[in-house]
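Q: Handing you this structure, nothing more for now.
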Amino acid sequence: MSYVDEYLTGLETAIRDLSRVDVQAVVDALLAAWREDRQVFIIGNGGSAATAAHMMNDLCKLTIVPGKRRFRAIALTDNVPLLTAWGNDASFEDVFVEPLRNLMRAGDVLIVISTSGDSPNLIKAMKCVQTEFSGTVIGITGSGGSRLAAGADLVVRIPSDHIGQQEDGHLIVNHAVSNALAERLRALE
């Protein structure tokens, strides 16, 4: 079997084994956030930062239904000057937690995307949201046990040990969630 066949077969297996119940729970939580006019913040590092930006795009645009309020989602990964200011002047661990302290309100939602689920800056943001803002944390992560998987309120795990397949799975989860939300919003009276 070629590497391409092996990779794609592994990805097919991971997506087949992905918990639909966990993904649906994220859809339900985000629909509840929309109903309550909550802000959704999305964070991640590296490839997960790119997925965070993509998810913000899809939540803000793909879910638009004429005559209905829009989703309020923002990827904190997209403000490079602020990220680098906190990273340089304080610590890389603060690049998300400090902007959250400026923008978050009680009950808002944080989506954390991470293959490892153990990045200190992401874990610090998760704890801040839960303790300072009583917010909901949704973790989208890899297959292993991690601090994110142990601490988030809702968790979607991509059941693969391959980081590339995990990142592919995160984007698939984004598309499933965003499209499901669009469908649910269109069905509301």
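The values are calculated or read from the model by the stated rules, or taken from the named source; none is laboratory data. Keep in mind the model is a prediction, meaning the values are calculated, not measured. Cβ sites come from the backbone with ideal geometry, for glycine too, and all protein chains shown count toward neighbours.
Q: Out of all the residues in segment 103-115, which are of a type in the set (A, V, I, L, M), crowded, with 16+ Cβ neighbours inside 10 Å and either free of Cβ contacts under 8 Å to residues at least 40 places away in the same chain or part of a strand (DSSP E or B) (or both)? Walk me through how you get there before you give the answer.
A: Applying the first criterion (of a type in the set (A, V, I, L, M)) to segment 103-115 yields 103-104, 106, 109-113.
Keeping just the survivors that are crowded, with 16+ Cβ neighbours inside 10 Å gives 104, 109-113.
VAL109, LEU110, ILE111, VAL112, ILE113 - these are the residues of segment 103-115 that are of a type in the set (A, V, I, L, M), crowded, with 16+ Cβ neighbours inside 10 Å and either free of Cβ contacts under 8 Å to residues at least 40 places away in the same chain or part of a strand (DSSP E or B) (or both).
Q: Let me ask something additional. Which of the residues spanning segment 116-158 are closer than 16 Å to ARG38 by Cβ and outside any strand (DSSP E or B)?
A: Taking segment 116-158 first, the residues closer than 16 Å to ARG38 by Cβ are 129-130, 132-138, 153-154.
Within segment 116-158, VAL129, GLN130, GLU132, PHE133, SER134, GLY135, ASP153 meet the criteria.
Q: Just wondering, is there one or more residues in segment 154-167 that are among the basic types (Lys, Arg), touching a Ser or Thr at 6+ places or on another chain (Cβ under 8 Å) and modelled with pLDDT of 95 or more?
A: Residues of segment 154-167 that are among the basic types (Lys, Arg), as a first pass: 157.
Filter again for touching a Ser or Thr at 6+ places or on another chain (Cβ under 8 Å), leaving 157.
Those left that are additionally modelled with pLDDT of 95 or more: 157.
Within segment 154-167, one or more residues are among the basic types (Lys, Arg), touching a Ser or Thr at 6+ places or on another chain (Cβ under 8 Å) and modelled with pLDDT of 95 or more.
Q: From the list ALA33, ALA14, pick out the single residue that is touching a Ser or Thr at 6+ places or on another chain (Cβ under 6 Å) and surrounded by 14 or more Cβ atoms within 10 Å (Cβ to Cβ). I'd like the intermediate steps shown before the answer.
A: Values: ALA33 fails: touching a Ser or Thr at 6+ places or on another chain (Cβ under 6 Å).
After applying the criteria, what remains is ALA14.
Q: Next up: Can you find a residue that is of a type in the set (Ser, Thr, Tyr), closer than 21 Å to VAL129 by Cβ and part of a helix (DSSP H, G or I) anywhere in segment 80-102?
A: Narrowing segment 80-102 to residues of a type in the set (Ser, Thr, Tyr): 84, 91.
With the extra rule that they be closer than 21 Å to VAL129 by Cβ, the set shrinks to 91.
Cutting the leftovers down to part of a helix (DSSP H, G or I) gives us none.
Looking for residues that are of a type in the set (Ser, Thr, Tyr), closer than 21 Å to VAL129 by Cβ and part of a helix (DSSP H, G or I), one finds none in segment 80-102, hence no.
Q: Still on this structure: Name the single residue, out of those in segment 1-42 being free of Cβ contacts under 8 Å to residues at least 24 places away in the same chain and outside any helix (DSSP H, G or I), that is farthest from PRO99 (Cα to Cα).
A: MET1
Q: Looking only at residues that are touching a Lys or Arg at 6+ places or on another chain (Cβ under 9 Å) and among the charged types (D, E, K, R) in segment 36-59, which one is nearest to VAL80 (Cα to Cα)?
A: Keep residues of segment 36-59 that are touching a Lys or Arg at 6+ places or on another chain (Cβ under 9 Å), which gives 37-40, 59.
Those still in the list that are among the charged types (D, E, K, R) too: 37-38.
Numbers: ASP37: 27, ARG38: 24 Å.
That would be ARG38.
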